[in-house]
1. What number of residues in the stretch 172-187 are within 25 Å of ASP310 (Cβ to Cβ) and either acidic (Asp, Glu) or open to solvent by less than 10 Å² (accessible area, probe 1.4 Å) (or both)?
2. Assess whether GLY543 counts as being open to solvent by 20 Å² or more (accessible area, probe 1.4 Å), of a type outside the set (Lys, Arg) and on the phi < 0 side of the Ramachandran plot.
3. Go over the candidates LEU475, LEU493 one by one and state the one that is at pLDDT below 90, over 26 Å from the mean Cα position of the chain (by Cα) and buried (at least 20 other Cβ atoms within 10 Å of the Cβ).
4. Give me the helices (runs of 4 or more DSSP H) completely within the stretch 58-171, filtered to those with at least 3 residues that are open to solvent by less than 60 Å² (accessible area, probe 1.4 Å), in contact (Cβ under 8 Å) with a residue 60 or more places away in the chain and under 24 Å from ALA454 (Cα atoms), ordered by residue number.
5. Considering the stretch 435-471 alone, what residues qualify as being open to solvent by less than 90 Å² (accessible area, probe 1.4 Å), within 26 Å of the chain's Cα centre (by Cα) and not aromatic (Phe, Trp, Tyr)?
6. Do we have SER394 as of a type outside the set (A, V, I, L, M, F, W, C) and closer than 30 Å to GLU289 by Cα here?
7. Provide a single number: the residues in the stretch 251-260 that are surrounded by fewer than 19 Cβ atoms within 10 Å (Cβ to Cβ) and either in contact with a helix residue (DSSP H, G or I) (Cβ under 9 Å, 6 or more places away or on another chain) or of a type in the set (D, E, K, R) (or both).
8. Restricted to the stretch 227-240, and to residues that are without any contact (Cβ under 8 Å) to a residue 60 or more places away in the chain and surrounded by 12 or more Cβ atoms within 10 Å (Cβ to Cβ), which residue is nearest to the chain's Cα centre (by Cα)?
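The values are calculated or read from the model by the stated rules, or taken from the named source; none is laboratory data. On a predicted model such as this, the values are computed, not experimentally measured, just so you know. Note: ideal-geometry Cβ built from the backbone for every residue, glycine included; neighbour counts use all protein chains shown. In case anyone asks, the SASA skips ligands and DNA or RNA and just uses the protein heavy atoms, side chains included. Shrake-Rupley method; radii C 1.70, N 1.55, O 1.52, S 1.80 Å.
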Amino acid sequence: MSIFPPIPSRFCVPSTKFFTLSISLLTYTTMAEPKVKYDRQLRIWGEQGQATLEKASICLLNCGPTGSETLKNLVLGGVGSITVVDGSKVEVGDLGNNFMVDESSVGESKAKCVCTFLQELNDAVKAKFIEDCPEELIETNPSFFSQFTLVIATQLVEDSMVKLDKICREANIILIFARSYGLMGLVRISVKEHTVIESKPDHFLDDLRLNNPWPELMRFTETIDLNTTDAVVHKHTPYIVILVKIAEEWANTHGGNLPSTREEKRQFKDLIKSKMITADEENYKEAMEASYKVFSPRGIGANLQKIIDDSCTEVDSNSSDFWVMVAALKEFIANEGGGETPLEGSIPDMTSSTELYVNLQKTYQAKAEADFLVMEQIVRNILKKIGRDPASISKANIKSFSKNARKLAVCRYRLIEEEFNSPVQSELQKYLTVEDHGTAAGLYILLRAADRFAVNYNKFPGQFDSEMDEDISRLKMTAVGLLNDLGCNSSTLSEDLINEMCRYGASELHVVSAFVGGVASQEVIKLITRQFIPMSGTFIFNGIDNNSQLLLL
């Protein structure tokens, strides 16, 4: 699911006249109030996420089509400030693939032209440009990057990627690489650690505790009689109540155990069905459909277990707020939680009378509030213990953490140099041989081989038509050498793929750049707002077959 609101698409521009019109249509956002302007995206990442975005400072290296498209999405989304770094001038060739420049821009600073255009899209964003070569900036002024929240590096070759990655890691700055090369694209995140509280998974089991109801929920269900003769009451009893009571009935006749085998689960559903008075009782149908929630295992999932077992839960004064709260969660689960996380406190929509639904909802909310207060006290105690201000983590943050405790995520990324020099060989070998990943892995190897080629021959393969045949042979030799260096001596690359890579001639096609920019900017939103889980490997887009793969190397 895309986390971006719809953005005006301008994949083709028939004339300058229509291009000017599209700018005018876009600039209406500059006059709107923030809540109106960002209404649709606020529904996705909320006011807190938008506020975080508006505080972010983004640096873009190289503002060709890939960089410009990436930054356009972020400017329209309301990022706080942007700095565009590019030392080149606008050439006639740029008019065919970069919609952020026009004929009047030829000969002008590309960074200035792109920056001016982007500011027109949203005047709430602070924008500035620096006419400098990104590669020189990386070499001569590494401290420059420490002022930003996040750096987007586009169209950098391997050597510059490695150097920039080390700089950003040292300064603890989030880095995203994005690159378009003919009909292929690459996006790679690099940050030592990224923690997520609001991961917002598409599919996640409701936290209803039907398999482990707490005393107050049991007392609430005891006030309701499933054997009532009142047909209206019977068909408006919430399915949560039905399942808790029938689960209790089952456990009483099965040694305290809930259904576990397929046959027992079938019998449990039959028991629910037997309680129906009429065939049109939707609440009982909902109970049968949701019966699997009774069978789910108690306790926490494997992912959360891995997080609370992490060595970072041994906190000290330098620990992040996230790990302090994880340490508190670990203590809660082991003690007050009885093996469970704090209750989320929300219930899904269901067939029910208004009175029963509201009272049931209050029961869940009361339990969630009680769990949160316990968590808050544990957090305050830990902060005091490690010598930090007990109030240094806000109540709102602890509450959000408690509510989302089951869905926490921790993402860690290898240095790009480690991936380049010593990728996980078994994974790379698998990607190169498995049909579903073969083309993506081949493109990944060939892109790296093209960078080696550029170092050796001072040009990219296929840049000059007259040398195409020779370049194909040279690129093949370079790719074979790279595979040997990576320990994949037995792997081969498709001749067609090598020919295609040379045919690209290191070109940036707008349609590919727009797609890659969309992917990169979506990951930027995830990283800045700390909502949703960012991708964990090297993303490869294959425009030949119109598919993509994530390589975990």
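1. Kept after step one, since they are within 25 Å of ASP310 (Cβ to Cβ), are these residues of the stretch 172-187: 172-176.
Those still in the list that are either acidic (Asp, Glu) or open to solvent by less than 10 Å² (accessible area, probe 1.4 Å) (or both) too: 175-176.
Counting residues in the stretch 172-187 that are within 25 Å of ASP310 (Cβ to Cβ) and either acidic (Asp, Glu) or open to solvent by less than 10 Å² (accessible area, probe 1.4 Å) (or both) gives 2.
2. Values: open to solvent by 20 Å² or more (accessible area, probe 1.4 Å): yes; of a type outside the set (Lys, Arg): yes; on the phi < 0 side of the Ramachandran plot: yes.
Yes: the conditions hold for GLY543.
3. Values: LEU475 fails: at pLDDT below 90.
LEU493 is the lone residue from the list that is at pLDDT below 90, over 26 Å from the mean Cα position of the chain (by Cα) and buried (at least 20 other Cβ atoms within 10 Å of the Cβ).
4. Numbers: elements: 65-77, 110-121, 134-140, 158-171.
Because the criterion is at least 3 residues that are open to solvent by less than 60 Å² (accessible area, probe 1.4 Å), in contact (Cβ under 8 Å) with a residue 60 or more places away in the chain and under 24 Å from ALA454 (Cα atoms), the helices (runs of 4 or more DSSP H) in the stretch 58-171 that meet it are 65-77, 158-171.
5. HIS437, GLY438, THR439, ALA440, ALA441, GLY442, LEU443, ILE445, LEU447, ARG448
6. Numbers: of a type outside the set (A, V, I, L, M, F, W, C): yes; closer than 30 Å to GLU289 by Cα: no.
No.
7. Let us first name the residues in the stretch 251-260 that are surrounded by fewer than 19 Cβ atoms within 10 Å (Cβ to Cβ), namely 251-257, 260.
Still in the list and also either in contact with a helix residue (DSSP H, G or I) (Cβ under 9 Å, 6 or more places away or on another chain) or of a type in the set (D, E, K, R) (or both): 254, 257, 260.
So the count comes out to 3.
8. HIS234
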